[in-house]
1. For the pair K290 and I52, how long in nm is the line joining their label points, each one 7 Å along Cα→Cβ?
2. For L68, L220, write out the residues from largest to smallest accessible area, computed with a 1.4 angstrom probe and no ligands counted.
3. Determine the order of V64, V219, V228 by accessible area, beginning with the largest, at a probe radius of 1.4 Å.
4. I need the peptides 124-134, 230-240 ranked by packing, meaning the mean over residues of other C-beta atoms within 10 angstrom, with the highest value on top.
5. Can you list residues from other chains, or at least 5 along the same chain, whose modelled amide H is less than 5 Å from the amide H of H253?
6. Each residue of region 268-285 in turn: what ³J(HN,Hα) in whole Hz from Karplus with 6.51, -1.76, 1.60 and θ = phi - 60°, glycine and Pro shown as x?
7. Output the direction-averaged projected area (hull surface divided by four) of the convex hull of the alpha-carbon atoms of region 132-192, in nm².
8. Across bins of 5 angstrom width beginning at 0, how are the C-alpha pair distances of region 226-298 distributed, in whole percent?
Amino acid sequence: MWRAGVIPLNNHIGRHIPRSFAIGCIFLLLFGVLAALWVELTGDDKLLLRRILDEHPALILAGVSIFLSMAVIAALWIFQHYIGPPGKLVDEEKALPFLNSPLTELAFTSFDTETTGLRPSEGDEIVSIGGVRIVNGRMLREETFDRLIDPGRPISRESTQVHGIDDAMVQGQPDIRDALPAFSRFAQETVLVGHNAAFHMKFFQIKEEPTGVKLRMPVLDTILLSSVVHPHHEDHSIEGIAVRLGVNIAGRHTALGDAIVTGELFLKLIPLLADKGIRTLGEAMEASKKTYLAKVKY
């Protein structure tokens, strides 16, 4: 069920492109078969066929209609179950239905993670994921995601000092194979918003194979958006942006707390982006790519 303000990745046009293509192919195939049969008929056979059509037009028309309907239904069933469901072809173009949509009309999931360390490519793992829904320019604090995760490895003392999560707290908790699919379901059909989103997304990308989850929704980063709005400021940390935008910080360095603060920053940034002529998702993504901070890799 779609929530208010959510624009589905498989829009109604996309859903019918494969289905219309399948029906068109069916009719072309049937027309070719009938044309080939007509060519093979002798002159007497063609005269006999014309006489039958003249004497029983309604019966012939009904039979042809039933045959075509059954052929279309059978082909669509095969297409649905063995080739791909309607709309599958447009899933890969994940951002297309969103690009021209105003930021004020889209649904977002503001998210954050806490980890065992800062090096996802060297074996660090996620220990917590937090998220909160934003719909129609309003944060829905009652719609949140908050999970502790067993990383399967020790949490460094330095990391525990930052986020307060130690080995005892994650013992017996679900691992990432359970947590990431759950988060994917929570965030489906929304645009992800993160602070330093590339860092968090790198952890998710590394876990695509073991979890079977590929987060293919568009992503916005409040660090990059802040640098678009305030290009002459050097401090684009959560604290720095919060001071400039007048956002109170609570629950810092917890996944859910940081997700909520990130969402608040994002809502403050939307009108500032509009002042610079950046109103749609596509415009925000394009402006983000041009910032120097977008070149940071993990």
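1. 7.0 nm
2. These residues rank, largest area first, as L68, L220.
3. V64, V219, V228
4. 124-134, 230-240
5. The answer is D258.
6. 6, 6, 4, x, 5, 5, 4, 4, 9, x, 9, 10, 9, 4, x, 5, 5, 5
7. Directional mean of the projected Cα hull area for region 132-192 stands at 5.4 nm².
8. Percent of pairs per bin, in order: 3, 15, 24, 24, 22, 11, 2.
The values are calculated or read from the model by the stated rules, or taken from the named source; none is laboratory data. Everything numeric in this text was worked out from a predicted model, so none of it was measured. Backbone-built Cβ (ideal geometry, glycine too); neighbour counts: all protein chains shown. These accessible areas exclude ligands, DNA and RNA; they are computed on the full protein's heavy atoms, side chains included. Shrake-Rupley method; radii C 1.70, N 1.55, O 1.52, S 1.80 Å.
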